[in-house]
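Undergrad: One structure, as C-alpha cells, below. Some questions next.
What follows is calculated from the coordinates using simple rules that are stated; it is not laboratory data. Quick caveat: nothing in here was measured; it's all calculated off a predicted structure. Please note: Cβ atoms are built from the backbone with ideal geometry, for glycine as well, and neighbour counts cover all protein chains shown.
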Amino acid sequence: MLRKLQIANGKLVECADNDAVIFVYIAPDENERKYLVDQLKIDEHTLSSSLDPDEPSRLEFEPEHVAMIFKRPKYYAPQDEFLFKVLSAGVFLFSDRLVIVIAEDIPLFDGKIFNKVTSILDISLKLIYRAILHFVEHLKAINNISNELEQQVNVAMENRYLLNMFTLEKSLVYYLNAIHLNAVLVSRLKTYAAKIGFTPENLEFLDDISIENNQCLAQTEIFSQVLSSMMDARASIISNNLNIRIKALTILTIVIMLPTLIVSVFSMNVRIPLEEHPHAFWIIFFMAIASSTTVGMLWWRKKW
C-alpha cells in the first residue's frame, strides 16, 4: 500500500503522484519492494530492517540517500493481553523526496507537531519525535494498568493478575531497549548533522528530541525497576491471601463439625443421658448452637 503526500501551507496533504514529496509504503508487496531496491537504490537489507521489529535503530549513508531505522511502539490492541510491542520504521531521505517504509498501517502524522512542517528534513525529525511521545503515552498507560493490577493482586488468590504484571514487565524491557537504540540514533544524527544538511532550526529541534528521549529513557528505567523489585512482594501477597482463606475455611469447618459431633453422639443407638428427659431435643440443640457460638467468639476475640 502506498500513500503520497505533499507539503501545503505547512501541513501534509494527500496528493497526486507528480506533486508528491513524501511516499509512505505500508507493508510493501513484491513489486513495491523491487521498485525501492532497483529504482531508488535502497539497500535490500536496510529495507527488510524497516519491516523487522527486532532490528536495531541505526543511521546509514548511501550514495543517493540517507537511511534511518528507528523504533516506535506498536498500537495496543485488546488481543495483545497487556503485552506492549515495538515496531521498526525506515526513513529514506533523498534530495527531493522522503520515503517511509513501515510494516503496519498506523497513523504516522498524528499529533499537533505535524500542524506546521517546512521540509522533508523537518518531517523526518518529527517522525522520531512523535515516536518518543508515543512511548511516553504508553508508559503512562502501563503505569495506570500496573496500579489497577496491584489493587487486584492485594485481594486475589489466583496467578492471573500476577502473570499480567509479568507481561507488563516484559513490555518495559522491550521499551527500554528500543528507547536506548533511538538515543543512539539521535546521537549519530547530531554527529553527522552537517553531512545530512540539517539547518540550525533542525539542530535545535534535534537537541529537544535528545532531551525528550533521555527523559523517556529515565522514566522507563524507573518503571521497570519498580515493577521488577515489587514482583516478589506481590507474589508473596497472593500466597499470603491464599493462606488466610485456607485458615478461614479450616476454622469454618471446625465450627460446622462441632454441632455435628454433638448431635451424632446423642443419636447413637445405645443408652445415653437425657433419653428419658422431656426436653432432650432442645437441650441437645442448644448444646450444638453453644459449641458453634463459642468457637465463633474465640475466632473474633483472638482475631484469627
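Undergrad: Output the relative contact order of segment 2-241, whole-number percent, from Cα pairs under 8 angstrom with separation of 6+ residues.
TA: Relative contact order comes out at 20 percent.
Undergrad: Just to be sure I understand the model, the point goes 7 Å from the Cα along the line to the Cβ. What's the resulting Ser239 to Ser119 distance in nm?
TA: Result: 6.1 nm between the two label points.
Undergrad: Projecting each Cα onto the charge dipole of the chain (Lys/Arg +1, Asp/Glu -1 at the beta carbon, about the Cα centre), which of Val173, Phe109, Thr199 comes out farthest on the positive side?
TA: Of the listed residues, the answer is Val173.
Undergrad: Anything over 30 Å Cα to Cα? Flag those among Lys126/Lys170; Lys116/Lys140; Lys85/Lys247, in the order listed.
TA: Working: Lys126/Lys170 28 Å; Lys116/Lys140 26 Å; Lys85/Lys247 42 Å.
As for pairs spanning more than 30 Å Cα to Cα, those are Lys85/Lys247.
Undergrad: Can you sort Asp19, Asp122 so the residue with the fewest Cβ neighbours within 10 Å comes first?
TA: Details: Asp19 12, Asp122 21.
So the residues, fewest neighbours to most, are Asp19, Asp122.
Undergrad: Run the numbers on segment 83-198 and let me know its relative contact order in percent, using alpha-carbon pairs under 8 Å that are six or more apart. Walk me through the numbers before you get to the answer.
TA: Working: 59 pairs, mean separation 32.9, N = 116.
Normalised by residue count, the contact order of segment 83-198 is 28 percent.
Undergrad: The list (i) 1.00; (ii) 1.37; (iii) 0.94 gives values of Rg/Rh (Cα atoms, Kirkwood Rh), and only one came from this structure; which label was calculated from it?
TA: (ii)
Undergrad: Let me ask you something else. Calculate the FRET efficiency for Asp43 and Val13 from the Cβ-Cβ distance with a Förster distance of 30 Å, rounded to the nearest 0.05. Don't jump to the answer; show the numbers that get you there.
TA: On the way: r = 30 Å, r/R0 = 1.01.
After rounding to 0.05, the efficiency reads 0.50.
Undergrad: Something else now. To the nearest 0.05, how large is the calculated FRET efficiency for Glu60 and Thr199 if R₀ is 22 Å and r is the Cβ-Cβ distance?
TA: Numbers: r = 22 Å, r/R0 = 0.99.
Once the sixth-power term is evaluated, E becomes 0.50.
Undergrad: Which listed residue (Ser48, Asn18, Pro63) has the Cα farthest towards the positive end of the charge dipole for segment 1-68, taking +1 on Lys and Arg C-beta and -1 on Asp and Glu C-beta about the Cα centre?
TA: Asn18
Undergrad: Starting from the Cα of Lys190, draw a straight line to each of the aspartates and glutamates and keep only those under 13 Å, dropping any in the same chain fewer than 8 residues away.
TA: Partners within reach: Glu201, Glu204, Asp207, Asp208.
Undergrad: Which distance in nm do the two modelled labels at His180 and Ile251 give, with both placed 7 Å along the Cα-to-Cβ direction?
TA: 4.9
Undergrad: In nm, what is the difference between 0.36 nm times the number of residues separating Asp52 and Glu81 and their Cα-Cα distance? Could the numbers behind the result be given before it?
TA: On the way: separation 29, 0.36 × 29 = 10.44 nm, distance 2.16 nm.
So the extension gain works out to 8.3 nm.
Undergrad: Hey, another quick one. Using +1 on the beta carbon of Lys and Arg, -1 on that of Asp and Glu, and nothing else charged, what's the dipole of the chain about the Cα centre, debye to 20? Provide the component values of the computation, followed by the final result.
TA: Working: 29 positive and 36 negative charges, 306 e Å.
The dipole magnitude comes to about 1460 debye.
Undergrad: A further question follows. Could you calculate the contour length gain from Ala218 to Ile283, that is, 0.36 nm times the residue separation minus the distance between their Cα atoms, to one decimal place in nm?
TA: Working: separation 65, 0.36 × 65 = 23.40 nm, distance 7.29 nm.
This chain segment gains 16.1 nm when fully extended.
Undergrad: By the scheme Lys and Arg +1, Asp and Glu -1, what is the net charge of all other residues having a beta-carbon under 10 Å from that of Ala20? Kindly include the intermediate steps, with their values, before the conclusion.
TA: Numbers: positive: Arg3, Lys4, Arg97; negative: Glu14, Asp17, Asp19.
Around Ala20, the surrounding residues sum to 0.
Undergrad: Right, here's the next one. Counting other C-beta atoms within 10 Å, which of Val173, Val295, Val101, Val91 has the fewest, and how do the rest follow?
TA: Numbers: Val173 13, Val295 19, Val101 27, Val91 23.
Going from sparsest to densest Cβ surroundings: Val173, Val295, Val91, Val101.
Undergrad: Between Ile26 and Thr191, take the C-beta separation as r, use R0 = 45 Å, and let me know the FRET efficiency to the nearest 0.05. Write out the running numbers ahead of the final one.
TA: Numbers: r = 31 Å, r/R0 = 0.68.
The value I calculate is 0.90.
Undergrad: Which peptide among 179-185, 106-112, 223-229 comes first, and what is the full order, when sorted by highest mean count of other Cβ atoms within 10 Å?
TA: 179-185, 223-229, 106-112
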